[in-house]
1. If we keep just the residues of region A:175-216 that are of a type in the set (Asp, Glu) and more than 7 Å from chain B (Cβ to nearest Cβ), which is farthest from residue B:177 (Cα to Cα)?
2. Inspect region A:83-104 for any residue being among the basic types (Lys, Arg) and at pLDDT below 95 and give the result as yes or no.
3. Are any residues in region A:138-173 surrounded by fewer than 14 Cβ atoms within 10 Å (Cβ to Cβ) and without any contact (Cβ under 8 Å) to a residue 60 or more places away in the chain, and if so, which ones?
4. Only one of these conditions is not met by residue A:129: (1) part of a helix (DSSP H, G or I); (2) facing chain B (nearest Cβ under 7 Å); (3) buried (at least 17 other Cβ atoms within 10 Å of the Cβ). Which number is it?
5. Out of region B:75-88, which residues are within 7 Å of chain A (Cβ to nearest Cβ) and crowded, with 21+ Cβ neighbours inside 10 Å?
6. For region A:49-70, name all the residues that are out of contact with any Phe, Trp or Tyr (no Cβ under 6 Å at 6 or more places or on another chain) and over 16 Å from residue B:97 (Cα atoms).
7. Check region B:95-107 and report whether any residue there is farther than 22 Å from residue A:218 by Cα, more than 8 Å from chain A (Cβ to nearest Cβ) and in contact (Cβ under 8 Å) with a residue 24 or more places away in the chain.
There are 2 protein chains.
Amino acid sequence: MARKSDAPSDRTRLRRLHERGKFDAASVHAVLDAMPLCHVGYQIDGAPIVTPTMQWREGDHVYWHGSSASRFLRAANATQVCLTVTMWDGLVMARSGFHHSANYRSCMVFGEAEIVQDPADKTARLKAMFDVWFPGRWNLLRAITDQEVKATTVLRLPLDEASVKIRTGPPSDDEEDYALPIWAGVVPLSIITGQPVDDPRNHKGLPVPDHATNFTAG
Amino acid sequence: MARKSDAPSDRTRLRRLHERGKFDAASVHAVLDAMPLCHVGYQIDGAPIVTPTMQWREGDHVYWHGSSASRFLRAANATQVCLTVTMWDGLVMARSGFHHSANYRSCMVFGEAEIVQDPADKTARLKAMFDVWFPGRWNLLRAITDQEVKATTVLRLPLDEASVKIRTGPPSDDEEDYALPIWAGVVPLSIITGQPVDDPRNHKGLPVPDHATNFTAG
């Protein structure tokens, strides 16, 4: 359990439900490493914009990438962003509407985004992305070209301003409401990986690689 | 397939991959209705902040709620926000790193958030939230109190500036790469609902209600 004073900055400080907050590196890494899907918030023309993308972590930075033609990514260098990862683990059904909740693990990372400019560095980061998500796949692929590296923007954010929130367990009802004969409990939610579907244009007899079969998220 | 001119505003216009975009109400409703989890982007002190929450739709508005003590919600009235819903349907593994992608359905709603001020209106919206997510549950619960209504903030956003992006199907590789003996395909991802877990303090013999067993997301 985190104390309010553990927060690395004012905006990561939890105003309410402090017992749900964590700020240590292991907690931050655990959420980021469990779930590639994230939502990144930018400001465009003075208004917020939230886009889904996939993140990966290397050491004490989180990375994401996209097309160099993207208006979000072009606008993001050296600007404040917020990258949020959420795993929705369940519905929490209480005896009053007010105490319904969700079980979840989430991580918010705040800071100034930095575009990885050096082409060799950028290529190494893209390889690392594959190594994190699909170990061994990068070396099986047709090699990336200079033009493809140029057409890809890689961004990163240090993890020095990050917070984790986690809720688990049954509902917390008002004490007197436990006397009511109302069903309460948790409906678990989880992400499952289905059987990989071969591309119809695969060569005949190509086996599904382990990195496809074994991928998990959440 | 949408034409660029179908977009209701400049910021909903897709700059790239126009064939993935839709702007019609049925497409927007389909994504919002399939997935309560959303990420809302606000601006606090000139920087973006992205928070996970659950949304529901009534007609041509999307709603979300939270504690009246929340700094995000208090700050949001009459300010620009972006609410994004994403369903991550699969990994798309191509023959080159560059053409790897994700299958997904996402919806972004832009606009000025409005706090529902009238207590009777607010209570009706909270009941509607239950009717959307857990049909029949609201009337089984201990009734909401005036104090609980006061402690809850309900926000809404009109759906008149919304866009949907959808990607489905196998990878799209460079034509010459199909000659390579590299496994390509799609790894499907989906959310499953587990068996509801009784609150340990439930009265003995209370059956799990259908709205808990039948809940689905994604």
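1. Our first condition is that a residue be of a type in the set (Asp, Glu); within region A:175-216, this holds for A:175-177, A:198-199, A:210.
With more than 7 Å from chain B (Cβ to nearest Cβ) added as a condition, the list becomes A:175-176, A:210.
Details: A:175: 64, A:176: 67, A:210: 21 Å.
Top of the filtered list is A:176.
2. Keep residues of region A:83-104 that are among the basic types (Lys, Arg), which gives A:95.
Those still in the list that are at pLDDT below 95 too: none.
No, region A:83-104 has no match at all.
3. Hits for region A:138-173 are A:139, A:143, A:145, A:146, A:147.
4. Here residue A:129 meets the rest and fails (2).
5. As a first pass, look at region B:75-88 and keep what is within 7 Å of chain A (Cβ to nearest Cβ): B:80-82, B:84, B:86, B:88.
Answer for region B:75-88, where residues must be within 7 Å of chain A (Cβ to nearest Cβ) and crowded, with 21+ Cβ neighbours inside 10 Å: B:81, B:82, B:84, B:86, B:88.
6. Initial filter on region A:49-70 (out of contact with any Phe, Trp or Tyr (no Cβ under 6 Å at 6 or more places or on another chain)): A:50, A:52, A:54, A:57-62, A:64-70.
Of everything in region A:49-70, those that are out of contact with any Phe, Trp or Tyr (no Cβ under 6 Å at 6 or more places or on another chain) and over 16 Å from residue B:97 (Cα atoms) turn out to be A:50, A:52, A:57, A:58, A:59, A:60, A:61, A:62, A:69, A:70.
7. First pass over region B:95-107, keeping only residues farther than 22 Å from residue A:218 by Cα: B:95-99.
Next, only the ones that are more than 8 Å from chain A (Cβ to nearest Cβ) stay: B:99.
Pick out the ones that are also in contact (Cβ under 8 Å) with a residue 24 or more places away in the chain and you get B:99.
For region B:95-107, residues farther than 22 Å from residue A:218 by Cα, more than 8 Å from chain A (Cβ to nearest Cβ) and in contact (Cβ under 8 Å) with a residue 24 or more places away in the chain: present.
Yes/no per residue for (1) without any contact (Cβ under 8 Å) to a residue 12 or more places away in the chain; (2) polar (S, T, N, Q); (3) within 12 Å of chain A (Cβ to nearest Cβ); (4) over 17 Å from residue A:47 (Cβ atoms):
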residue: B:21; (1), (2), (3), (4): no, no, no, yes
residue: B:25; (1), (2), (3), (4): no, no, no, yes
residue: B:31; (1), (2), (3), (4): no, no, yes, yes
residue: B:35; (1), (2), (3), (4): no, no, yes, yes
residue: B:42; (1), (2), (3), (4): no, no, yes, no
residue: B:47; (1), (2), (3), (4): yes, no, yes, no
residue: B:56; (1), (2), (3), (4): no, no, no, yes
residue: B:60; (1), (2), (3), (4): no, no, no, yes
residue: B:73; (1), (2), (3), (4): no, no, yes, yes
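The values are calculated or read from the model by the stated rules, or taken from the named source; none is laboratory data. Owing to the predicted nature of the structure, the values given are computational and were not obtained by experimental measurement. Please note: Cβ atoms are built from the backbone with ideal geometry, for glycine as well, and neighbour counts cover all protein chains shown.
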